[in-house]
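The values are calculated or read from the model by the stated rules, or taken from the named source; none is laboratory data. Just so it is clear, the model here is predicted, and its values are computed rather than measured. Cβ: placed from backbone, ideal geometry, glycine included. Neighbour counts: every protein chain shown.
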Amino acid sequence: MECVQPIMPARSVAVILALALPIGGSAACRSESTLPPAIAAYRASFAEAVGTGFTTTLPRTQLSRRLQGCRVLWLGDHHRSSRLHALQQELLRELAEQKVPMVLALEAIGQQDEPDVVAFLRGEMEMNELRTRVRRRWPGSWLDDRELDPWHYQGLLSFGKRTATPVLALEPTPRLPIDRRDAHIATAVQAAAHAYPDRLVVVVVGQAHLIGEGDLIARTGLPNFAIGGEVPATLAGSAPSSRQRGDLLASDGGLWWFSDLL
C-alpha cells in the first residue's frame, strides 16, 4: 500500500444539519452518556467506519519510506490519552531524525493565536508567556486544560521550536459549529499543503473527524497516510496476537493504528 488518494465524499444535507453543534475544549472528551445525541452519533459513525478487522502490518521503521509521495500525515487524537501522545511524539522525533521536512497543523491552538505561536517558535517568548496570552482569550485553552493532556500540546509546540518546524492552527477558537468545522479544517490543510509544497503536513486532530460523518481525509483530497488514535473496542478485539511493538496495523476501514495501544 502506498499513499492513499481519497475519494471526495458526497454530503447529506440532513446529516449536516443534524450535527450543527460545536465540538471543542473539554466537552470533546465527555463520556458518550453525557454527549448531545448529534455528537454521540458523530462519534459512533467514526467507530463504525474504522472497520472490524486488521489487514496489514507495517514496521514503523518503514514509515518514512511509505510517506514518500504523501502530502499529509494524519495523526488522529484522543485528547486525554497520554499513552497515545507518547507514541505520537516518539514518531515525530523519529521522522525528524530521518530528516523528513514537516509542518505541524494542530487542532490544539486557535488561528487567532498564530502570531503568538510564531513568536514562541522564534524564541521571542517562553511557554509560560504563550500559555498566559492564549488563556486570556481562550479560558479553555488546550495548553492548560488538565481534563485533557496539556503537556502533550505544549510538547508539540516545543518540538516545533526545537526542530524549526512551522506550526499552524487548523481553525478558530471558540470552535465553529460542526457543520462548518470539518470543511474549514479541510481547507486549512489544503492551504498548508499549498504553502509548504516541500514539507509533509502533519495534522493532529480529534480522530472522530477523520472518517465517518466528518470524513476529513476525503474532504481534503490529498495523498495521505492516516493513523488513528485510541482503538475503538469493536476493532480492538480483532487485534492479531503476533503483533510486535512498533508495528502499525491497518484496519479494513482504511486507518492505521499503533500496535502498542492494542
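Yes or no, residue by residue, for (1) among the charged types (D, E, K, R); (2) modelled with pLDDT under 95:
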{"residue": "127", "(1), (2)": "no, no"}
{"residue": "130", "(1), (2)": "no, no"}
{"residue": "149", "(1), (2)": "yes, no"}
{"residue": "152", "(1), (2)": "no, no"}
{"residue": "159", "(1), (2)": "no, no"}
{"residue": "179", "(1), (2)": "yes, yes"}
{"residue": "190", "(1), (2)": "no, no"}
{"residue": "195", "(1), (2)": "no, no"}
{"residue": "202", "(1), (2)": "no, no"}
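Between a residue in region 173-199 that is in contact (Cβ under 8 Å) with a residue 24 or more places away in the chain and farther than 16 Å from residue 112 by Cβ and any residue that is in a helix (DSSP H, G or I) and among the acidic types (Asp, Glu), which pairs come within a Cβ distance under 9 Å, given they are 6 or more apart or on different chains?
none
Kindly indicate the residue of region 216-262 that is of a type in the set (S, T, N, Q) and surrounded by fewer than 17 Cβ atoms within 10 Å (Cβ to Cβ) and also modelled with the highest pLDDT among those meeting that condition.
The first filter runs over region 216-262 and keeps only residues of a type in the set (S, T, N, Q), leaving 220, 224, 234, 238, 241-242, 244, 251, 259.
After this cut, where a residue has to be surrounded by fewer than 17 Cβ atoms within 10 Å (Cβ to Cβ) as well, the list is 234, 238, 241-242, 244.
Numbers: 234: 87, 238: 90, 241: 80, 242: 80, 244: 85.
Among residues in region 216-262 that are of a type in the set (S, T, N, Q) and surrounded by fewer than 17 Cβ atoms within 10 Å (Cβ to Cβ), the one modelled with the highest pLDDT is 238.
Suppose we filter 117, 134 for residues that are in contact with a helix residue (DSSP H, G or I) (Cβ under 6 Å, 6 or more places away or on another chain), touching a residue at least 12 places away in the same chain (Cβ under 8 Å) and either assigned to a helix (DSSP H, G or I) or at positive phi (or both); which single one remains?
On the way: 117 fails: in contact with a helix residue (DSSP H, G or I) (Cβ under 6 Å, 6 or more places away or on another chain).
One residue alone meets the criteria, 134.
Inspect all residues belonging to region 176-195 and state whether any of them is within 12 Å of residue 107 (Cβ to Cβ), among the charged types (D, E, K, R) and surrounded by 17 or more Cβ atoms within 10 Å (Cβ to Cβ).
Yes: one or more hits.
Of everything in region 46-82, what is aromatic (Phe, Trp, Tyr) and not in a strand (DSSP E or B)? Give them in sequence order. I'd like the intermediate steps shown before the answer.
Step one: list which residues in region 46-82 are aromatic (Phe, Trp, Tyr), which gives 46, 54, 74.
Residue satisfying the conditions is 46 alone.
Among the residues of region 178-205, write down those that are of a type outside the set (Gly, Ala, Ser) and closer than 12 Å to residue 71 by Cα.
Across region 178-205, the qualifying residues are 189, 190, 194, 196, 197, 198, 199, 200, 201, 202, 203.
Where in region 140-238 are there helices (runs of 4 or more DSSP H), lying fully within it, with 2 or more residues that are within 22 Å of residue 125 (Cα to Cα) and over 16 Å from the mean Cα position of the chain (by Cα)?
Numbers: elements: 150-163, 178-195, 216-220, 233-236.
Counting at least 2 such residues, we get 150-163.
Testing residue 43 on (1) buried (at least 19 other Cβ atoms within 10 Å of the Cβ); (2) modelled with pLDDT of 95 or more; (3) assigned to a helix (DSSP H, G or I), one condition comes back false. Which one is that?
The failed condition is (2).
With respect to residue 168, is the statement that it is buried (at least 17 other Cβ atoms within 10 Å of the Cβ) and in contact with a His (Cβ under 9 Å, 6 or more places away or on another chain) true?
Details: buried (at least 17 other Cβ atoms within 10 Å of the Cβ): yes; in contact with a His (Cβ under 9 Å, 6 or more places away or on another chain): no.
For residue 168, the condition - buried (at least 17 other Cβ atoms within 10 Å of the Cβ) and in contact with a His (Cβ under 9 Å, 6 or more places away or on another chain) - is not met.
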